[in-house]
Amino acid sequence: MGPKTTIVTLALLCGAYVQTPAPASAPDAPSLDRARALSAGRAATPQQLRLVDVPTPTGPARSLFNGRDLSDWDSWLGYPDPAVTYRDDPGLSPIGTSRDRSGDFAVRMIDGAPAIWIKGETWGSLVHREDLRDYHLRLEFKWGEKTYAPRESLPQNNGLLYHTHGEPGTVFGTWSPSMEFEIMRGSTGMLVAVGKDVRGRTTVAHDASLIAPHLRFQVGGQEVDIVNGTPTWNVETARDVELPIGQWNTLDLYVVGDRAVHVVNGVPVAQVRDMATIAPDNSRRPLTHGRIQLQSEGAETWFRNITVEPIASIPRIVAD
């Protein structure tokens, strides 16, 4: 659905949004004008991207999922009704860790092997306990059959959040501050700043076919700072390379210091640098390490083969 036929109310976090049908004449010029200004007038063009200077691991790969249980993972659940998540006053308290998590997160067999199952009905996340830095993470995911309110009719949504820091539930009572490798049907690999004090720079062009903020990752594009709650709250992937529903997708996340590269099914789709947090004195402090979160956000999702290996350099994305 094009931007002129939809009013998009953005819950400015983690890729979540709600669409309300609107008359075809609904104006979209202000947000598109902002996108044009932010991109210095550069319109997005298709790019064939490839990864070069792929680093050789400096140590052995190891699994973050033991295939038996979730003993290496903490969990946090947001509000009993996810529809209140983005309200200024939700009127409820987060569930947190106050209930048994086995109905929300579990290890189950699928396609002949154990995988992490995330129900998705209650929003929240699984948080791996290890603080990671300078690594190549690879995992496989696929969508389950179920979606839940308030996103039951919207694209399936989840996320791989990295450089996670701070207390559970800091962000909308549901997540911890981090940078996001979005996992959402049609947008897997999108860059999202999770939390008001998280930052990251990337290069963009404007794309009128996208919902607001109409910004797409572009090699050689205009530099922007990704800032939650602003017209640069997310940057869409260079292109959609997710496989059909029912198939396993492979995600590769390369992170060295304050830089990261997102790869989906072998295709580089986005990169970010100068990741940082904003301190109380408004200074920018490099964000170079943290935990990972696997989200629960309205869609049943499976994860398997989660591995991490140390690296000392970051690959580059080039356009042919």
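Quick notes on this structure:
- In summary, the convex hull built on the alpha carbon positions of the stretch 23-153 has an orientation-averaged projected area of 14.4 nm².
- Answer label, with Cα Rg over 2.2 N^0.38 Å calculated from the coordinates and candidates [x] 1.16; [y] 0.94; [z] 1.68: [y]
- Long-range HN-HN contacts of residue 144 with modeled amide H, under 5 Å: 300, 301, 302
- In this structure the chain gives 41 Å² per residue of accessible area when probed at 1.4 Å with all protein chains present.
- Using a cutoff of 8 angstrom between alpha carbon atoms and counting only pairs six or more residues apart, the relative contact order for the stretch 52-156 works out to 28 percent.
- Split the accessible area of the chain by element, probe 1.4 Å, and carbon with sulfur accounts for 50%.
- Annotation: residue 214 carries an accessible surface of approximately 0 Å², with a 1.4 Å probe and no ligand, DNA or RNA atoms counted.
- Scanning residues 5 or more positions from residue 159 or on other chains, those with amide H under 5 Å from its amide H are 183, 295, with H placed 1.01 Å from N in the peptide plane.
- Among 191-199, 247-255, the peptide with the highest mean count of other Cβ atoms within 10 Å heads the list, and the full ranking is 191-199, 247-255.
- Fraction in percent of alpha-carbon pairs per bin - 5 Å, the stretch 270-320: 4, 10, 14, 18, 18, 18, 13, 5, 0
- The charge dipole of the chain, taken about the Cα centre with unit charges on the Cβ atoms of Lys, Arg (+1) and Asp, Glu (-1), comes to about 400 debye, rounded to the nearest 20.
- Pairwise label distance in nanometres, residue 273 with residue 138, each label 7 Å out on the Cα-Cβ vector: 2.6 nm
- ³J(HN,Hα), Karplus 6.51/-1.76/1.60, whole Hz, each residue of the stretch 60-71, x for Gly, Pro: x, 6, 9, 8, 9, 10, 7, x, 10, 7, 10, 5
- Overall form of the stretch 175-311 per C-alpha gyration tensor (a/c, 1.5; a/b vs b/c): oblate
- Within the listed set 66, 228, 157, the residue fluctuating most in the Gaussian network model of the chain (springs between alpha-carbon atoms under 10 angstrom) is 66.
- With contacts taken as Cα pairs under 8 Å at a separation of at least 6 residues, the stretch 223-320 carries a relative contact order of 20 percent.
The values are calculated or read from the model by the stated rules, or taken from the named source; none is laboratory data. Everything quoted here is computed from the prediction, not taken from an experiment. Every residue, glycine as well, gets a Cβ built from its backbone with ideal geometry; the counts of neighbours run over all protein chains shown. Note: areas computed on protein heavy atoms with side chains; ligands, DNA, RNA excluded. Shrake-Rupley method; radii C 1.70, N 1.55, O 1.52, S 1.80 Å.
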